[in-house]
Amino acid sequence: MTKLTAVVEVEVAFYDMDAMHIVWHGNYLKYFELARCELLKKFNYNYLEMKESGYVWPVVECQLKYMHPAVFGQKLRIEATLVEYENRLKIAYQVVDCISGKRLTKGYTIQVAVETQTQELQFVSPGVVFENLKKIGVVK
C-alpha cells in the first residue's frame, strides 16, 4: 500500500492552554481531527461524503503518547497517515514542532463503518473506500 499522508499546521492558541501553561492534553485530539479531515479529503471521503454513502464512521479507539509539551504560540505540524483501510480506518498521527522538528506527541485513531439505516457495524470497509483509494493510486 502506498502511504497516504496529510499535513496541517497550527499555532497553539491561548485557549488551548491549561493551568500549567502547556497545551491541555485533550486538545491533541482536536489537532488529530484537523489532520484527519485533511486526510479524508485526499481520497474524497470527508464526513459529508461518508454520510452520503450511507455510513457513519465513529471513532472507537484512540491512543496518544505525550513526549514533550506544546506551549502558547508554538507552531505545530500535525501529520495523519492512513495505515489500515480494509476493515476499519486506522490513522496514525504525529505532532511535531515546525521549527526544531522535534516530535511532541504521537498516536492513532480507529474508526469503523456503521450503516446509517440499520446501525449495523460493518466488518469490511464499504466499497466506496476501496474505489476512492484506487482512484488516487493507494490501492491497486
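How large is the helix-only mean residue ellipticity at 222 nm for the chain, computed as the sum of -39500 (n - 2.57) over DSSP H runs with n ≥ 4, divided by its residue count, in deg cm²/dmol to the nearest 500?
So the calculated ellipticity at 222 nm is -6500 deg cm²/dmol.
With all distinct Cα pairs included, what does the Kirkwood hydrodynamic radius of the chain come out to in Å, to one decimal, could you say?
By the Kirkwood definition, the hydrodynamic radius is 15.9 Å.
Would you calculate the convex hull of the Cα atoms in region 47-106 and tell me its volume per residue in Å³?
Considering the Cα atoms of region 47-106, their hull volume per residue is 116 Å³.
Using 0.36 nm per residue of separation minus the Cα-Cα distance, give me the extension gain between residue 51 and residue 37 in nm, one decimal.
3.6 nm
Give, as a single signed number, the net charge of other residues whose beta carbon lies under 11 Å from the beta carbon of residue 96, with Lys and Arg counted +1 and Asp and Glu -1.
Charge balance near residue 96 sits at +2.
Of the chymotrypsin sites (Phe, Trp or Tyr not before Pro) in region 7-39, which ones lie in a loop per DSSP and count no more than 15 other C-beta atoms within 10 Å?
Filter output for region 7-39: 24.
Using just the alpha carbons, could you tell me how many Å³ per residue the convex hull of region 95-135 encloses?
Considering the Cα atoms of region 95-135, their hull volume per residue is 127 Å³.
Of the GluC sites (Glu not before Pro) in region 1-44, which ones lie in a loop per DSSP and count no more than 15 other C-beta atoms within 10 Å?
Filter output for region 1-44: empty list.
Pairs 42/75; 106/135; 3/135; 3/42: which are spaced more than 21 Å apart, C-alpha to C-alpha?
Table pairs above 21 Å Cα-Cα are 42/75; 106/135.
Filter the chymotrypsin sites (Phe, Trp or Tyr not before Pro) in region 65-140 down to the DSSP loop ones having no more than 10 other Cβ atoms within 10 Å, then list what survives.
123
Under the √(5λ) rule applied to the eigenvalues of the Cα gyration tensor, what semi-axes describe the equivalent ellipsoid of region 1-84? Give them in Å, descending.
In descending order, the three semi-axes are 27, 14, 12 Å.
Readers should treat all values here as calculations from the given coordinates under stated rules, not as data from a laboratory. Computed from a predicted model, the values in this text were never measured in an experiment. Backbone-built Cβ (ideal geometry, glycine too); neighbour counts: all protein chains shown.
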